[in-house]
Amino acid sequence: MYVEVLVEIKSKHVDKTFIYQVPSFLEQESLLGKRVLVPFGRQTLEGYVLRFCKKPEIETKELIELIDSEPILTPELMELGQFLKEDTLSSLTSCYAAMLPKALKANHKVKLKKKMIQTYRLTLDIHDAFRECQNESQKKLVELFQEKIKITKKEAQAISLSGLKTLVKKGILKEEEEEVYRYQRKEQALIEKLKLNEEQQKAYDTVLASFDESQVFLLHGVTGSGKTEVYLEIIEKVIQMGKTALVLVPEISLTPQLLERFSKRFLRIAVLHSGLNDGERYDEWRKILRGEVDIVIGARSAIFAPLKDIGVIIMDEEHSQSYKQENTPRYHALDVAKKRIEYHHCPLILGSATPSLESMARALKKVYQYIPLTQRANQSALPEVKIVDMGVEAKYRHAILSRELEYKIIEKLNKKEQVLLLLNRRGYSTTITCSNCGFTYRCPYCDITLTYHKSKNQLRCHYCGYTKYREEVCPNCHEDGLNYYGLGTEKLEDYLSEVFPTARVVRMDRDSTVKKGSYEKIIQDFQNYQYDILLGTQMISKGLDFPRVSLVGILNADQSLNIPDYRSNENAFSLLCQASGRAGRKDTTGEVILQTFYPQNYVLQCVKEQNYERFFQYEMNIRKTLKYPPFYYLVHLTIKSKDYSLATEESKKAKEFLKNKLDSQTILLGPATANLFFVGGVYHYEILIKYRFDSHLKEALKSLDELFL
């Protein structure tokens, strides 16, 4: 018997399978999808068994050892790896590495073991067991079994270790070893489902009519329209049919509230996201493989969850750029989701209050089926958005909070209501400059200023991770002339404590949520009214539901508009609309204060009117004129080198190579310096390809990739 094994080597030169003979002691084992240990040259490496094959003409080596007791790659995932390899021009090993938790990747040095605990069961009837007890401690141990079938060693030791040993020795208790999963979600009391309103019921019926079909639905619902309740109803039907459901969210900060909501309706749920440690991800993955769950909830990488018989895939906040992975393999979760619904013949639901332009264009072209939810589920009005000109406010020395926002915060605090403040920039100050000599702290490996984080007295580069401690005096002229410019969430937190000394303020950004479980704690505490004001970056802008929040303040609304990206207007509109939608979701009337230096900007005016249609038409005209998606497809190439001259020369060669290979209608732009030209000690050049159809594109890109191996 012979098998093809994908050996775990990162080099693209050996991105292929190798044939090995199966030794006699493994011939009865199920090998497909499992990791094995194989001889490779002078090394011993790990690899994945992908398929059986015929005896080769040349002599082959034998497998050394089988690593897994159960397959970690299902037939679907093996097929999905091949699709990713072709679609992203990545190595097959990198594709499987992106799918699997760290503990199950080949060549991962730390091998996790199952977490085992000792448990005890009664071997006798409980009344007979009582009669065998010789003292009170033994009776108390037996009493535990009045409500439980088994008890843990920890529970037993809390009463009497000696009594436990005696009962085991006498055969009254039987000791067993049992695996427990490391991730334990909080148990929730199951509640009755809410009755769907007319729009929600129509959405449910529309999706239900297309079960067993690979149909994509765009569920376009205003903030608070009850999209989640529609998801819950659809998933309940899927589970009744004996199938499973996969639910994706763009940020792990959204997982706690969504998980709590789902846990009140369903029991068998697994979670997959980067907030879990290696052991927890290992356990959750195996739990899914074993078919012990009906629903998987997670962020981008959860799209690879090894579910069988998927009945529906849901991508909430589908417009989010977080669904796209920026390192190899550079996949988009939407593309993978479409591939999986083809395999399972099930619907894919894309939910958003601000759908991406590409998704809406496909819906209008009938490629996706469009489902609108135009009203909030509880019939409450959308929040009123007021734009404040910060150019005027600066004259009155209100550079951080406008007079209007400050007044409204006081009003809400007096009413015992809650406030959300969005500032999409973490840290304390974005720039530290010496007023005496002009020195500015800059990253030695990137061409940008360092951000000051006051809590750790550190200056950090948010691109390469370089850090250093701040000196008390200027390191250049040694004078006491350091000034702090720019506003980050840390500085805003200090400012709020000064202006509203009695308010309970909590900050939620990447720095304040480093500790495990911090997302859940901040969200839970704010939901339980332990804080009055929640300030944070974009992680607080979408998907969260706080009944007491009646005011949302958006600081530096212009920031998202000034990014050199063709999507900047779309991203800004989505961010601001999503943040606005956090206000007035229950009984309170919602208000939004949007602070800007450009009050007449059309994006901000569309946010004020909450007019997605107007924004869509305006932005689509720009995209059509400039030949951007959805009218053209894009390929973005980056040429990187530590040597400036080499990067310059090779980028020019790459352009000439492509120019000779691609169709004449394909637009080739560049090479040009990237927006962040010098990052981490590496120079970056970019080439942009715009095309509608080019039969030579993929082969040209493959050839170019091989040239740079």
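Worth pointing out:
- Descending semi-axes in whole angstrom, ellipsoid equivalent of the chain, from the Cα gyration tensor: 44, 38, 29
- Here the relative contact order of segment 1-98, from alpha carbon pairs under 8 Å that lie six or more residues apart, stands at 33 percent.
- Summary of packing: across the peptides 651-660, 351-360, the per-residue average of other C-beta atoms within 10 Å ranks them, highest first, as 351-360, 651-660.
- DSSP beta bridges confined to the chain are antiparallel in about 55 percent of cases.
- Estimated distance in nm for a label pair at E176 and L161, the labels positioned 7 Å out from Cα along Cα-to-Cβ: 2.5
- Lysine-lysine proximity count for segment 566-665, Cα under 20 Å, sequence distance 8 or more or distinct chains: 11
- Contact order relative to length of segment 154-256, as percent, for alpha carbon pairs under 8 angstrom and 6 or more apart: 17
- A simple packing score, the average count of other Cβ atoms within 10 Å per residue, orders the peptides 614-622, 369-377, 23-31, 294-302 as 294-302, 369-377, 614-622, 23-31, with the highest score first.
- Whole-Hz Karplus values for segment 51-62 come out as 6, 8, 8, 6, 5, x, 6, 9, 6, 10, 8, 9 Hz, taken residue by residue from phi with 6.51 cos²θ - 1.76 cosθ + 1.60 and θ = phi - 60°; glycine and proline positions read x.
- Rounded if a/c under 1.5, otherwise prolate or oblate - segment 115-258, Cα gyration tensor axes: prolate
- Take the Cα of S645, step 7 Å toward its Cβ, do the same at K659, and the gap between the two points is 2.3 nm.
- Legend: residue pairs K324/K491; K243/K365; K386/K542, Cα-Cα distance threshold 26 Å; pairs beyond threshold, K324/K491; K243/K365.
- Projected over all directions and averaged, the alpha-carbon convex hull of segment 622-663 occupies 4.0 nm².
- Per-residue ³J(HN,Hα) for segment 625-630, Karplus 6.51 cos²θ - 1.76 cosθ + 1.60, θ = phi - 60°, Hz, x for Gly and Pro: 5, 8, 6, 10, x, x
- Ranking by accessible area, most exposed first, for E404, E177 with a 1.4 Å probe: E177, E404
- Under 12 Å from a label point set 7 Å out along the Cα-to-Cβ vector of I19, the amide N atoms of segment 38-72 belong to 52-61.
- Eligible aspartates and glutamates near K339 by straight Cα distance, threshold 17 Å, same-chain separation 8 or greater: E76, E79, E86, D87, D212, E213, D309, E318
- Cross-link reach list, aspartates and glutamates versus K195, counting only Cα pairs under 13 Å and skipping chain neighbours closer than eight places: E229, E233
- Karplus-based coupling profile of segment 337-344, in residue order and whole Hz: 4, 5, 5, 6, 6, 5, 5, 9, with θ = phi - 60° in 6.51 cos²θ - 1.76 cosθ + 1.60 and x standing for Gly or Pro.
- Three-way shape call for segment 334-480 based on the alpha-carbon gyration tensor, with the a/c threshold at 1.5: oblate
- Within straight-line reach of K113, meaning a Cα separation under 25 Å, sit the following lysines at least 8 residues removed in sequence or on another chain: K34, K102, K105, K150, K153, K154, K174, K186, K287, K308, K515, K516.
- Under the criterion of Cα pairs below 8 Å and six or more residues apart, the relative contact order for the chain equals 10 percent.
- Estimated distance in nm for a label pair at S518 and D212, the labels positioned 7 Å out from Cα along Cα-to-Cβ: 5.0
- Computed from the C-beta positions of E384 and E79 and an R0 of 60 Å, the FRET efficiency is 0.75 to the nearest 0.05.
- Between V388 and L594, Q595, T596, the built amide H atoms are under 5 Å apart, and every one of these is 5 or more places off in sequence or on another chain.
- The length gained on full extension between K624 and I191, counted as 0.36 nm times the residue separation minus their Cα-Cα distance, comes to 151.0 nm.
- Highest-first packing order for the peptide set 198-207, 328-337 is 328-337, 198-207, based on the mean count of other beta carbon atoms within 10 Å.
- In Å², nearest 10: area of L382 left accessible to a 1.4 Å probe: 70
The values are calculated or read from the model by the stated rules, or taken from the named source; none is laboratory data. Source: prediction; values computed, not measured. Quick reminder, even Gly has a Cβ in these numbers, built from the backbone with ideal geometry, and neighbours come from all protein chains shown. We work out accessible area using only protein heavy atoms, side chains counted, and drop any ligands, DNA or RNA first. Shrake-Rupley method; radii C 1.70, N 1.55, O 1.52, S 1.80 Å.
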